[in-house]
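Chemist: After the structure tokens below, expect a handful of questions from me.
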Amino acid sequence: MNPNDAKFITLLKLKLNRTLTLEELIKTFRESLPSDIADLEAFLKNGNYEIYDYVRILDTSALESIADAENLLINYWIKDLTYLLDLTSPSDNLRIFINTYMDKFKLNEFLYVLTYMKKERPIKKLNFIDKAFIDSIIGVNNLSEVLKALKEFHPKLYEIALKALRRYETYTIKELSISNVELSLWNEFWRYIRLLSKRLIPSVKLDKVVKYLSSIWILELKLRNFTFEGKDVDELIRKVEKRLGDLILNTLSKSKEELDLLFFMLKYITPINELKFSPLSYDTVLTYLISKEFEIRTLAHVIYLLIHRINGEYLSKLTGRWVYWYGLITKST
């Protein structure tokens with residue numbers, strides 16, 4: 001292993017040790033639920049969790065949604081990770097893998113931009129896409145022109161988008177099927193991540209987990225498209241392992257919220273459990289990235305509930321659902 005990579009991974013392992021896990025969150029919330037942000041900050045500070053440094057500087061008055069809290073925390077994380085990359089100067093292979101993984105947030109926002117352009121609605125809050133890119137596509141009607149602008153402002157994302165959307169290049173924005181575009185973009189994103197992961201040696205389960213993430217991400221997208229279009233999902237479910245398929249079918253009969261929670265756990269808890277016993281290697285990088293994203297998304301939900309003073313009983317019930325799904329996912333996958 002490149003010595004700078006070894007240094008970076010060692011520092012990342014220290015950060016991973018200060019990342020809040022679901023088990024720790026559940027244990028604390030079962031003992032005593034935080035009543036406000038100050039309570040939550042005290043818990044994070046006392047536990048020496050790194051995310052305390054993010055939460056304490058949050059402008060809570062600007063948080064109108066869970067997504068607002070998520071995006072602010074993710075921005076702090078990106079700055080933190082960029083600093084560590086600059087400090088340690090790891091190999092190009094490792095830097096590209098990490099930067100591409102973090103580009104998932106830009107990709108998601110790019111989809112939001114295309115959706116709003118198709119609906120002819122104003123594009124409002126952006127956190128990861130350059131505002132100059134948005135200014136440059138005002139009045140644009142064709143996908144090819146959007147891709148041309150993307151190349152100028154976000155060249156790495158452009159490379160993924162071009163390969164994914166080449167067949168749609170001649171389409172107007174109005175002609176695009178956003179669900180098809182979304183599926184194509186995420187397919188290409190995960191294909192590229194997997195290609196990059198194969199360059200990182202030594203690893204134990206890195207490629208296996210990236211392959212799993214790709215499959216579960218695409219499965220969720222296809223499942224939502226099938227249910228929205230009223231298609232029979234049985235054929236789709238038959239392609240996955242039986243225990244997982246049964247779990248998904250059973251959840252489909254309940255509610256959208258439960259399905260969201262199921263896939264949330266599948267996309268984070270399953271890979272974290274798979275990777276957590278790996279030795280110090282490139283596996284550690286993916287363990288950290290998934291664990292940190294899970295921590296941010298979970299705490300963003302809690303922060304939103306606390307600042308809007310939503311009934312504490314709701315947070316108690318949410319904790320109960322985490323316990324239920326954590327047990328079920330751990331047993332079923």
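Nothing in this text is a laboratory measurement; each read-out follows from the coordinates by a stated rule. The structure presented is a predicted model; accordingly, all values stated were derived computationally and were not measured. When we count neighbours, we look across all protein chains shown, and the Cβ atoms used for this are built from the backbone with ideal geometry, even at glycine.
Chemist: Towards the positive end of the charge dipole of region 3-332, with charges on Cβ (+1 Lys, Arg; -1 Asp, Glu), say which of 142, 54, 38 has the farthest Cα.
Modeler: Ranked along the dipole, the leading option is 142.
Chemist: Relative contact order, percent, of the chain when contacts are C-alpha pairs under 8 Å separated by at least 6 residues?
Modeler: Relative contact order comes out at 26 percent.
Chemist: Please state, as a whole number in µm²/s, the translational diffusion coefficient that the Stokes-Einstein equation yields for region 127-285 at 10 °C and 1.306 mPa s, with Rh defined as the Kirkwood radius across alpha carbon pairs.
Modeler: Estimated via Stokes-Einstein, D reaches 88 µm²/s.
Chemist: For region 220-333, what does the relative contact order come out to in percent, with C-alpha contacts under 8 Å and a separation of six or more?
Modeler: 29 percent
Chemist: Still on this structure, please answer the following. Taking 8 Å as the Cα distance limit and 6 or more residues as the minimum spacing, I'd like the relative contact order of region 207-285 as a percentage.
Modeler: Relative CO of region 207-285 lands at 33 percent.
Chemist: Another one. Where a ≥ b ≥ c are the square roots of the eigenvalues of the C-alpha gyration tensor, would you call region 246-333 rounded, which needs a/c under 1.5, or, failing that, prolate if a/b is larger than b/c, or oblate?
Modeler: oblate
Chemist: Of 115, 316, 328, which is farthest towards the positive pole of region 3-332's charge dipole, taken about the Cα centre with +1 and -1 on the beta-carbons of Lys, Arg and Asp, Glu respectively?
Modeler: Result: 328, furthest along the dipole toward the positive end.
Chemist: What whole number of Å gives the distance from the Cα centroid of region 237-276 to the Cα centroid of region 49-97?
Modeler: Spelled out, the Cα-based centre of one part sits 27 Å from the other.
Chemist: Quick check: convex hull of the Cα atoms in the chain, volume per residue, rounded to a whole Å³?
Modeler: Measuring per residue, one finds 148 Å³ for the Cα hull of the chain.
Chemist: Could I ask something else about it? State which entries of 231/331; 205/331; 124/254 exceed 23 angstrom in Cα-Cα distance in the structure shown.
Modeler: 231/331; 124/254
Chemist: Charges at C-beta only: +1 for Lys and Arg, -1 for Asp and Glu. How large is the resulting dipole of the chain about its Cα centre, in Debye rounded to 20?
Modeler: Computed charge dipole of the chain: roughly 820 debye.
Chemist: Between residue 78 and residue 175, how high is the FRET efficiency from 1/(1 + (r/R0)^6) when r is the Cβ-Cβ distance and R₀ = 35 Å? Nearest 0.05.
Modeler: 0.55
Chemist: Dipole of region 1-75, Cα-centred, from +1 at each Lys and Arg C-beta and -1 at each Asp and Glu C-beta, to the nearest 20 debye?
Modeler: Its charge dipole is roughly 480 debye.
Chemist: Evaluate the distance, in nm, between pseudo-label points positioned 7 Å from the Cα of residue 208 and of residue 167 along their respective Cα→Cβ axes.
Modeler: In this crude spin-label approximation the distance works out to 3.3 nm.
Chemist: Here is a follow-up. Around residue 142, which amide H atoms from residues at least 5 apart in sequence, or from another chain, sit under 5 Å from its own amide H, with H modelled in the peptide plane?
Modeler: The answer is 173.
Chemist: Separate question: What number, rounded to the nearest 500 deg cm²/dmol, is the helix-based mean residue ellipticity at 222 nm of the chain, given -39500 (n - 2.57) per DSSP H run of at least four residues and division by all its residues?
Modeler: -23500 deg cm²/dmol
Chemist: Compare the peptides 319-327, 229-237, 187-195 by average per-residue count of other Cβ atoms within 10 angstrom and give them in order, highest first.
Modeler: Answer by packing, highest mean first, reads 187-195, 319-327, 229-237.
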